[in-house]
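Some notes on the structure that comes next.
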Amino acid sequence: MAVMMTSLFLLSCGSNPSAKTGNLQETKAEEDLITVGFSQIGAESDWRLACTESVESAFTTENGFNLIFDDGQQKQENQLKAIREFIDMDVDYIILDPITEEGWDSALQEAKEAGIPVIIVDRQISVKDDSLYTAWVGADFRTEGDRAVGWLSTVLASQKGFINFVHIQGTTGATAQIGRTEALKDGIVNHNRWVLLAREDADFVQAKGREVMEDFLKRYGSRINVCYCENDNEAYGALQAISAAGYRAGQDIDQGEILVVSFDATRQGLRYTMDGSISMNMECNPLFGPKLTEVVKALNRGEAVNRITYMEEQQFVHDDALQSFRYDGNAYPLTTVTEDVLAGRKY
Ligand code: GYE
């Protein structure tokens, strides 16, 4: 890429020597940059916007990169097209945040044949040949789900009778959906009194989360005890539907409250966790930028990198007595939480 751009640049310089000198300096700098094509899923959630922001602010020219960003608008065909365009441009590296796990074999085979290393971020891919990607950086979604279910198991242990769940899922076939869904499925199997009333895909989007919850409320009304949302934007939508239908979100299911759990722990999600509308919020860390630049720089120096890197995450639990939340078991007074956690939260 850098080489191609240099020759195009020189051809367009004309015969003005001063312009030529200036351009030569610029092309020299450009040659040193590492060109990275980033195929992002879309802009479906607060989490996603934070992820994009983090990558864009890490892969800057000052930091030695030329980043080419492509927004797949939640469609795999757009992401496949972007990968092929990156190959045509002969980028140095491709970073792919794959919408779902399946369907990447041929495009990544083409990248491999072109000698372009591919780094997968956030969600994972399922390919026949694992050498089609060099490294993956993301969250352990199954563990996130298990931590959410583990917490539910503890708080619901003292409940008498059956506990009815509704489940708002993320994009079908996305690793985040698969891990979080499997954890709840196992939770239902392992708890005799947990009953699943309904589950539906809301694509990680607020408006769809609201629609799905409206529908669940119409069908099951006050029978619903727990609403398990696979991300915060779906939870925002579910909370809108709950209050519009005249119900209350909270942990007191004996008093008819609907206990909402969510994933991401965005700033807004944590506000709802503080006020108790969300009872438990399992963090998912979208700030991949710095880690990804480390990976690309190491590869560029010819060093080996970890094939799998997990991000660190915490669990935020509403606490009535504190009128706030605890995380990972430690209690913080409201003011401390506001300053330390929310103020510092970038998403
Ligand atoms: O939870 C959600 C986003 O893949 C972990 O996708 C990501 C998920 C995240 O839209 O908010």
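The values are calculated or read from the model by the stated rules, or taken from the named source; none is laboratory data. Values in this document were obtained by computation on a predicted structure and should not be read as measured data. Note: ideal-geometry Cβ built from the backbone for every residue, glycine included; neighbour counts use all protein chains shown. What goes into the accessible areas is simple: the full protein's heavy atoms, side chains included, and nothing from ligands, DNA or RNA. Shrake-Rupley method; radii C 1.70, N 1.55, O 1.52, S 1.80 Å.
Values as computed for the structure displayed
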quantity: Entirely in region 1-61, the helices (runs of 4 or more DSSP H) that have 1 or more residues that are touching a Ser or Thr at 6+ places or on another chain (Cβ under 9 Å) and modelled with pLDDT of 95 or more; calculated: 46-58
quantity: Count - residues of region 145-193 that are open to solvent by less than 20 Å² (accessible area, probe 1.4 Å), more than 13 Å from the ligand (Cβ to nearest atom) and touching a strand residue (DSSP E or B) at 6+ places or on another chain (Cβ under 9 Å); calculated: 9
quantity: Which numbered condition Leu80 misses (of (1) in contact with a strand residue (DSSP E or B) (Cβ under 8 Å, 6 or more places away or on another chain); (2) open to solvent by less than 50 Å² (accessible area, probe 1.4 Å)); calculated: (1)
quantity: Residue under evaluation Asp328, criteria (1) free of Cβ contacts under 8 Å to residues at least 40 places away in the same chain; (2) within 22 Å of the chain's Cα centre (by Cα); (3) surrounded by 24 or more Cβ atoms within 10 Å (Cβ to Cβ); (4) more than 13 Å from the ligand (Cβ to nearest atom), criterion not met; calculated: (3)
quantity: Filtered residues of region 155-211 (kept if among the polar types (S, T, N, Q), in a loop (DSSP other than H, G, I, E, B) and in contact (Cβ under 8 Å) with a residue 24 or more places away in the chain); calculated: Gln159, Thr171, Thr172
quantity: Ala107 in a helix (DSSP H, G or I), modelled with pLDDT of 95 or more and within 16 Å of the ligand (Cβ to nearest atom); calculated: no
quantity: Members of region 207-227 found to be within 13 Å of the ligand (Cβ to nearest atom) and crowded, with 22+ Cβ neighbours inside 10 Å, listed by number; calculated: Gly209
quantity: Trp136 vs. criteria within 16 Å of the ligand (Cβ to nearest atom) and either surrounded by 15 or more Cβ atoms within 10 Å (Cβ to Cβ) or not in a helix (DSSP H, G or I) (or both); calculated: yes
quantity: Boolean, Ser262 is among the small types (Gly, Ala, Ser), within 16 Å of the ligand (Cβ to nearest atom), closer than 13 Å to Cys229 by Cα and open to solvent by less than 70 Å² (accessible area, probe 1.4 Å); calculated: yes
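Yes/no matrix, rows are residues, columns are (1) surrounded by fewer than 18 Cβ atoms within 10 Å (Cβ to Cβ); (2) of a type in the set (A, V, I, L, M); (3) closer than 16 Å to Asp97 by Cα; (4) in contact with an Asp or Glu (Cβ under 9 Å, 6 or more places away or on another chain):
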position: Ile278; (1), (2), (3), (4): no, yes, no, yes
position: Glu283; (1), (2), (3), (4): no, no, no, yes
position: Pro290; (1), (2), (3), (4): yes, no, yes, no
position: Thr293; (1), (2), (3), (4): no, no, yes, no
position: Ala304; (1), (2), (3), (4): yes, yes, no, no
position: Arg307; (1), (2), (3), (4): yes, no, yes, yes
position: Phe316; (1), (2), (3), (4): no, no, no, yes
position: Ala321; (1), (2), (3), (4): yes, yes, no, no
